[in-house]
Structures are given as structure tokens and as C-alpha cells.
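Below: the structure, in C-alpha cells.
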Amino acid sequence: MTDLLENGDVEASHCAASLPGAAASEARWSVWRAFWAAGLGPATTARHLAHAGLLKAFAVHAASVILLVFGATVVAAAVSEDSTWVEIWDDIFRDMFGLGVFAATIEAGTLVLALLLVPWGAREEKLQTSLRWSMRTVWQQSMHVAVASLALHVLVSFWERFLWKPWYAAYTPALNSGVLNWSARPWYVRHADECAGYVGVLLYAWVLWGLLRAVGSRPLAAPADATPACQLCGYNLTGAATEGACPECGESVAASIMPDSRPGVLWERRGALSRRQAWWQTAWQAIRTPRQFGRQMQVYSPPAAYRQFLLPSMVGGALIGMVGVLACYAGLLQSGRVGSMSYEVLDDLLWLVLPVAATACGISILTTSLFFAGTVGAIMSLANRRNLLPLAMRCAAYTSGFLLLWMAANVLPAFIYGLAPGTRLFQTLAAMLQADEDDVVLLLWGVFNLFWLAAYVRKLHAMIQGARFATR
Ligand SMILES: [Zn+2]
């Protein structure tokens, strides 16, 4: 049987369910190898398992979820003093509704994740093939997610059982009588939330890295038989004279088919420029003239370049997020709604609020790019009868500089949000609208961001328009 499966000729006859993705030379692994390999070498694993269909990938996913639940109950029984493992399972199966909700939540979350990642792994193919690739690759990565989740669960459970409980039991009388100062708690009690948060962020950053590596692992090559097309309107230029003009739109043929007609964006041919300079200039060109930027862009160059462009944007997003939080706090202090920077407030701000804001804002650069590459890209794909998702992903990555501008524009509103509900202007507005002052500020903030959203989508759309007829 193994021979049959590893023999390409035999398998090829019934692999309608498999997806293009692996080079022909890539050895086919058994799908169960995803269990341990997906977390260690996600891209390699995805390439070796590119032959596996949706059903097999779902089997890996389902088995991973079951093992995760099994592992979680083992841990729960180990730290519990009054329930055994059997009792916990008994409770789980008695609550079939709860079990159903749990399963539905996991499946819905996985589906959302797969949808979000579609443009990251898409190639020029039917849209549903891109969707299937993302779905099955996310399913194959399930064990990686399960291991990370279980590790966090173990950490929190053992902390509670072996650090928190003994400490609490020993100090309760002193705490109750007020002899013990609450701020004199040991560090593992005082900073429990932060520690769990940091470990969680690291674990899920590892998971995210794996997902991106796996979904984005498909080889990319320009089609060998691409027909020469007018780069402005897409008209088929086969046989057109180089000196001539496009019969459809009048663009010179040379501008479309000469080797330098699509030179690539600055970031990908930065030459002597430093990475920092190249990033700034590329980001600025993308913001100022998105359509020309798209017209220059090569869509079959190695994807590593645009992925590396996203990373500085994410770091920038994290920094701006922290500045925004500080501005909001400054506003709150100014308004008098937070009395003073007490020790507790400062402690929380430094170790919890700032890192959370940084992480959330950094990740939001990536997820926003993915989301709009997927939605704008899918709509434009239907209109253009070409799968523009891979191209839209490139455009979204290079438009990430605009997301930073958008985020920076929110720093001042964050300050005002902290400050404003106490000011006369907003009190008057709230009285006029017969609404809560906080709601008025939120509403205005929402309207402000709607304009930015519209500008962002317009720029992304213009860049995809400029790139959509690319043949190299
Ligand atoms: Zn034309």
C-alpha cells in the first residue's frame, strides 16, 4: 500500500482532490506526519503534504482537537484535588450542548483564519482552489495550535495549583486582618496576568509564524506561455509591432512588452540604498501614486520581498500603538477622570496595557492587509475574470505604509478621547443629541476613521488596477 501511495503514476490517476503546490520532485509524506512536523518546519511540511486532499487534512485537524481536549482534561485532573479524570469526562459528555458550542466555536474560528489567509497563499488559479489550499493547510497546522494552547493551559493550571493556592492559603488571615500589604505580594502573584500574557503572545506568535510559512509555501513562477498584453488596458498584443500603439487604448506597445516595461518596485531593486531608506521611499511612492506604483510592480518576483516589507510596518504599528495609549492616558489624567498616576495604574500601564497595545496594533497591520487583500482582491477578481488575490496581497503589503499613517492620525483623537468627555464642547454636543458623552466621542471617532478607511480602499484598488494586467 505504501508503494502504491508513493508511486506518482498510480496516485496521479485519482488525485483530483489534491492541489497544485508541491514541485514534482517533492516526496509525498503521510498526512499524519503533520502532527509533529507542522510546528517544526511548516513550509517544508506543507510542500510535502500538498498532495493531501481536504478530507485528510480535516482528519488531522479533528484528531488534533480531540487530543487537545484529552490533554487539557489530563492536566485539569492532575491539578484538581477533588475531580478525577473520569469525572471530568463524564461532565463533558453530560453537557452535549456545551460540547456542541465548543466544537462550533473552534470550527468557526478555524474557518475565519483560513479565509483571512487565502490571499497569502493564493496563486493564479480558480478562486475556490485558493480557498481550498488555505483551508486544508490551516487544518494541517492544527496540531501546532493545539500544542501551543496546551502549553499555555499547563502553565496557567500549574501556576494556580502550585503557586497561587499555597500562597493564598498561607496569607489569607494576614490579608483579611490588614496586616499584610497587598502590594507586598510575591512577583508571581503580582505579575501573574502579565506573565501568562507574555507567554501566550510568544506561543501564538510561533503559531502565526507557522501558519504564514505553511500557507505561503507554494512555489510561484511566471507562466511560460503568457500572452503579451497591453499593460494599461489588457488588450492582447500578440503580433503587434513594437513601434506601434495599442489598438484599444493607444498606449505604445513598447511600453508594454519591452523588458524594462515593468521594472519592479523600488524595495525589490534597492541596490545601494539601505533597507531603511528603501522602505521609506517605497512606502511613500505607494501612498502618493498607487496606480503608477502598481504599473511598475512585478507580480511574479519572489514573494519573500513583499513579506519582508510588512515586518517594519508591523513594528511601526506597535510603536504607534504605544504612543496612542500614552496619549489616551495623558488625556485621562488631564481630564481628571483618573485621579493621579498611582503605583497600581503605572504598573498596569507599563507591564500590561502598553505591551497589549503594541502587540494588537502590530498584528492589526498584518490582519488588515490580509483582510482587504482578500475582500478587495476577490471582488476585483470576479470583475476581471482573473484571480487577482496573489497580486492584491502584494499591493496590500506595499500599502501598509498608509496603515501607519492612518494609525498615527489616531494618536491625537486618542488624547482627545481621554480628555474630551469632560470638556464643555462634548457636554453641549451630548445634550443636543441626547446621548452619553462617551458615545458622542466614539461616534465622531468612528466617522473620522470612515474617511481613512475609504482612502485606504481607494489606494489599494488603484494599485491593483495598475498591476492587474501584469505578465511578469
Ligand atoms: Zn491598451
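Brief remarks follow.
- Candidate lysines - alpha carbon under 26 Å from K459, same-chain residues fewer than 8 apart omitted: K126
- Shape category assigned to region 2-215 from the gyration tensor of Cα positions, a/c cut at 1.5: prolate
- Among the DSSP helices (H) of the chain, those spanning at least 27 angstrom by Cα along their long axis with an average Kyte-Doolittle hydropathy of -1.0 or more are 54-79, 96-121, 192-215, 304-335, 354-384, 437-467; this is a geometric and hydropathy rule only.
- Candidate aspartates and glutamates for bridging to K165, where Cα separation is under 13 Å - those fewer than 8 sequence places away on the same chain excluded: E81
- Each of I379, I365 has some number of other Cβ atoms within 10 Å of its Cβ, and from fewest to most they run I379, I365.
- Under the shape rule built on the C-alpha gyration tensor, where the axes satisfy a ≥ b ≥ c, the chain is oblate, since a/c reaches at least 1.5 while a/b does not exceed b/c.
- 3J(HN,Hα) from dihedral phi, region 265-273, Karplus parametrisation 6.51/-1.76/1.60, rounded to Hz, x for glycine, proline: 7, 3, 4, 8, 9, 6, x, 7, 5
- Averaging the sequence gap over all C-alpha pairs within less than 8 Å and six or more residues apart, then dividing by the number of residues, gives region 312-457 a relative contact order of 34 percent.
- Close amide H pairs (under 5 Å, H built 1.01 Å from N) link A245 with V253, residues at least 5 positions away or on another chain.
- Neighbourhood charge, 13 Å Cβ-Cβ cut-off, centred on T129 and excluding it, Lys, Arg +1 and Asp, Glu -1: +3
- Kirkwood-Stokes translational diffusion coefficient of region 273-467, alpha-carbon pairs, 10 °C, 1.306 mPa s, µm²/s: 86
- The value of relative contact order for region 2-215, using C-alpha pairs under 8 Å at least six residues apart, is 28 percent.
- In terms of the mean number of neighbouring beta-carbon atoms within 10 Å, the peptides 88-98, 367-377, 56-66 order highest first as 367-377, 56-66, 88-98.
- Restriction of the trypsin sites (Lys or Arg not before Pro) in region 235-343 to DSSP coil positions whose beta-carbon has at most 16 other beta-carbons within 10 angstrom yields R270, R337.
- For the chain, the relative contact order works out to 17 percent when only alpha carbon pairs closer than 8 Å and six or more residues apart are counted.
- Overall form of region 49-115 per C-alpha gyration tensor (a/c, 1.5; a/b vs b/c): prolate
Where a number appears in this text, it was derived from the coordinates with a stated rule and is not lab data. Not measured: the values here are computed from a predicted model. Note that we place each Cβ from the backbone using ideal geometry, even for glycine, and neighbour counts take in every protein chain shown.
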